[in-house]
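The values are calculated or read from the model by the stated rules, or taken from the named source; none is laboratory data. Everything numeric in this text was worked out from a predicted model, so none of it was measured. Reconstructed Cβ throughout: ideal geometry from the backbone, glycine too, with neighbour counts over all protein chains shown. Accessible surface is based on the protein model in full, side chains and every heavy atom, while ligands, DNA and RNA are left aside. Shrake-Rupley method; radii C 1.70, N 1.55, O 1.52, S 1.80 Å.
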Amino acid sequence: MTVMDEIDAIFLKRGHDAYGESISVTEHSLQAAHFAKEAAASPALIVAALLHDVGHLIDHVPRDIADWTRDAQHERLGSLWLSRRFPPEVFEPVRLHVSAKRYLLATDPAYFTQLCSSSDVTLKLQGGPMTADEVAAFETEAFHEDAVRLRRWDDAGKVAGLETCGFGDYRALIKQWVMR
Ligand code: FE
């Protein structure tokens, strides 16, 4: 089974799960990749955006994200899965994309205001804004800027009915970055 086959199987099996109220995980993933492409992100970062929530799909978490009562730590699971198949340019931004939310809460006042006015059920579970020490440590991560960009596309990727490319349009890009 190739990595592409594995990815196809994972999204076929669970990709139609709800991501929030009005879109599926597949649609959310395609939207994150769409925004990455629009922002002229590197090919590796577009792949990271497309696959950033793979941890949700390989873990046995409740099928509707609104049902979550605990932090599923999907970024850890997802980046671990990706690290066996892709180089750090792909899996590191994914590993850091949840921390990036806490980083933005601490460093971007507009982000803080915007997020706190939405009812974000996962925010509390993920720990609120970073402390100054955590911010400094986060900034030593080689891929922290990519993770912050990915975070913003992740946040933006919740638009009901947005037209995007299909999964098939990313096959060549994924194959280009697979390690085996
Ligand atoms: Fe996401």
I'd like to compare 37-43, 82-88, 131-137: which one has the highest average count of other Cβ atoms within 10 Å, and what's the full order after that? 82-88, 37-43, 131-137
Which of GLU139, GLU21, GLU6 is most accessible, then next, and so on - probe 1.4 Å: GLU21, GLU139, GLU6
FRET efficiency for LYS13 and ALA132 from the Cβ-Cβ distance with R0 = 35 Å, rounded to 0.05, comes out at 0.25
Kindly provide the pair-distance distribution of the stretch 3-177 built from C-alpha pairs, with 5 Å bins from 0 and whole-percent values in order of increasing distance. 1, 9, 18, 23, 23, 16, 8, 3, 0
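Grab the alpha carbons of the stretch 1-41, take their convex hull, and tell me the volume per residue in Å³.
63 Å³
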As a test of the formula, what do you get for the chain when each DSSP H run with n ≥ 4 contributes -39,500 (n - 2.57) and the sum is divided by the residue count, at 222 nm and rounded to the nearest 500 deg cm²/dmol? -18500 deg cm²/dmol
